Amino acid sequence: LQSAPDLSRPSKDIVFNKNEKCASQIAKILVADDNSDDEAKPIFIDREPDYFASVLNYLREGKIRLTQNAADLARIQEDAEYYGVHSLAELLRAELSLRGPFFVGDTVVWRNRDIRKLCCDIGIRFDGTTEKLPLCLNAFRDTRDKNECPFCHVTRNSNDNKSIFDYPYCTTRHPGVIVKVYGDACCYEVQFTCGESKLQFHIHGDMLRLKEERKEQF
């Protein structure tokens, strides 16, 4: 049997035992609250443990949820590089290259094709309690003060403020094209073509990703 790794010496060359029980136990040790005297206990790894479980999960199952927000993926990538899990680091690099900021003319798709999961991932709840709601999901267009984007603060009248829920499910399932950038590239006007119809929606950038990686042009 392979012995458990020695975690007392931080190293980029650590090889983890991928036994499920061992991996789970290491994750529990690293994320557990420690209220005891720090000086009396050994320091296992000189890094924050927040994303370490994701690295271990990749080692155990060989996969990772790529629909997470860019900030979380970047932190996981840092840990993957630190521990020498190069395949995971490269996988995340490729995914992060598809994230914003975007430029006019870029072809984009939803970050997660499951809109409900995407909304839940960015803190949107379908129970009427979400305070900052992207205009593309805004169902309160006839309510006072509900026509301003809470992110870039652009103001829309009721006719211009389209909600994806006002149209068939298939309307935004196809790739869209960035036609305008707002604020500090936090929001975008995205045009979707469905049959002969072309519709534009005001979408928060964290909900989007490029359809494919940009090709560098010189």
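The values are calculated or read from the model by the stated rules, or taken from the named source; none is laboratory data. Keep in mind the model is a prediction, meaning the values are calculated, not measured. Virtual Cβ from ideal backbone geometry, glycine too; neighbours counted across all protein chains shown.
May I ask you to list the residues in segment 187-209 that are surrounded by fewer than 16 Cβ atoms within 10 Å (Cβ to Cβ) and either touching a Cys at 6+ places or on another chain (Cβ under 8 Å) or in a strand (DSSP E or B) (or both)?
Once the filter is applied, which keeps residues that are surrounded by fewer than 16 Cβ atoms within 10 Å (Cβ to Cβ) and either touching a Cys at 6+ places or on another chain (Cβ under 8 Å) or in a strand (DSSP E or B) (or both), segment 187-209 yields GLN191, THR193, CYS194, SER197, LYS198.
Taking ILE115 and the conditions (1) surrounded by 13 or more Cβ atoms within 10 Å (Cβ to Cβ); (2) at pLDDT 85 or above; (3) under 21 Å from GLY183 (Cα atoms), which numbered condition does it fall short on, given that it satisfies the others?
Checking ILE115 against (1) surrounded by 13 or more Cβ atoms within 10 Å (Cβ to Cβ); (2) at pLDDT 85 or above; (3) under 21 Å from GLY183 (Cα atoms), the one that fails is (3).
So which of VAL104, VAL55 is in a helix (DSSP H, G or I), among the hydrophobic types (A, V, I, L, M, F, W, C) and modelled with pLDDT of 85 or more?
VAL55
Say whether the condition of being more than 29 Å from GLU212 (Cα to Cα), in contact with an Asp or Glu (Cβ under 8 Å, 6 or more places away or on another chain) and surrounded by 13 or more Cβ atoms within 10 Å (Cβ to Cβ) is met by at least one residue in segment 138-147. Can you show your working first?
Step one: filter segment 138-147 for residues more than 29 Å from GLU212 (Cα to Cα), giving 139-147.
Imposing the further condition that a residue be in contact with an Asp or Glu (Cβ under 8 Å, 6 or more places away or on another chain) reduces the set to none.
No, segment 138-147 has no match at all.
Residues in segment 92-100: is at least one acidic (Asp, Glu), buried (at least 17 other Cβ atoms within 10 Å of the Cβ) and in a loop (DSSP other than H, G, I, E, B)? I'd like the intermediate steps shown before the answer.
Taking segment 92-100 as the starting set, the residues that turn out to be acidic (Asp, Glu) are 95.
With buried (at least 17 other Cβ atoms within 10 Å of the Cβ) added as a condition, the list becomes 95.
Right, trim to in a loop (DSSP other than H, G, I, E, B) and you get none.
Checking segment 92-100: not a single residue is acidic (Asp, Glu), buried (at least 17 other Cβ atoms within 10 Å of the Cβ) and in a loop (DSSP other than H, G, I, E, B).
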